[in-house]
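Data block below; observations after.
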Amino acid sequence: MSAETTAAPRPRRTRQNTLLKRLINRRRAVQAGLGIATWFVVTRYGLSLWWVFFAAIASGLVLGKYFCRWACPMGAIMEIMLGAGGEENKQKSLYSYFKIGCPISWAGGLLNKLSVLRVKVDESKCTHCSVCDKACYVAQLADGRSLHEGGKVNASTHYSCSRCLGCVKACPSGALSVGPSWPFGTVIPSQNLLRASEPEEADDSMALQALAADAPVAAVDAGRALAQVRVERPRRNRRKRR
Ligand code: SF4
Ligand code: SF4
């Protein structure tokens, strides 16, 4: 076989990006599947919602606030409903996702700053076309946030980023990916982290104010929901107890 006809092996990074984009293209199917599975396990086996909460938080330490848009059955329904209000309304509503009174959403949003995996930009591939920021509701609605601009904070560490990965999908040059990041690696150059400290602080104070405002109502809602979910246990368990 001649050298011209021998196919060059594809770089590992490109293969990873292709797989990631395939997964992103199927996000709604994944969300529907995981959402139905979560609902089935909770209702069929009488699982307490606390288990769902703790599982979402434990996995959120790695993935951040992914649960809302990858695994939550209510999130899937809400996303369809939000889309009916037009693109601008949808962006604003998704930005406020953490305020819906769901403790998983709150905790996941705060975990975005700590999670191991975040959206990363490969500076050598980035052409600074801004397509990613146009696809991201956080970059559009939060001052001081961007996925590629120097001097701004990475949008995926914002509490409203729900790991939709629309930015990764939109990037035409494959510069965005998901990977380990600070403190386990780097997301944006450290000088940008320092220069962008003001908007970060502003975001934190907004998040805490919103949490304080919504907490009483949401706590009551969550308490009621947990109290009402008295799911019938399988009959054989009840017989054993007698
Ligand atoms: S879409 Fe990709 S290439 Fe364009 S600015 Fe964003 S990261 Fe850079
Ligand atoms: S995953 Fe990307 S597009 Fe989606 S909210 Fe986060 S930073 Fe924005």
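Nothing in this text is a laboratory measurement; each read-out follows from the coordinates by a stated rule. All figures in this text were calculated on a predicted structure; none of them were measured in a lab. Heads up, the Cβs are rebuilt from the backbone with ideal geometry, glycines too, and the neighbour counts pull from every protein chain shown.
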Suppose every K and R has +1 on its Cβ and every D and E has -1 on its Cβ; what is the size of the dipole of the range 47-154 about the Cα centre, in Debye to the nearest 20? 180
Name the trypsin sites (Lys or Arg not before Pro) in the range 125-185 that are in a loop by DSSP and that have at most 15 other C-beta atoms within 10 Å, would you? LYS125
Based on other C-beta atoms within 10 Å, arrange HIS128, HIS158 from fewest to most. HIS128, HIS158
Over the range 73-179, calculate the relative contact order: mean separation of alpha carbon pairs under 8 Å at least 6 apart, over the residue count, as a percent. 30
Arrange SER156, SER48, SER177 by Cβ neighbour counts within 10 Å, fewest through most, would you? SER48, SER177, SER156
Counting other C-beta atoms within 10 Å, which of TRP70, TRP50 has the fewest, and how do the rest follow? TRP50, TRP70
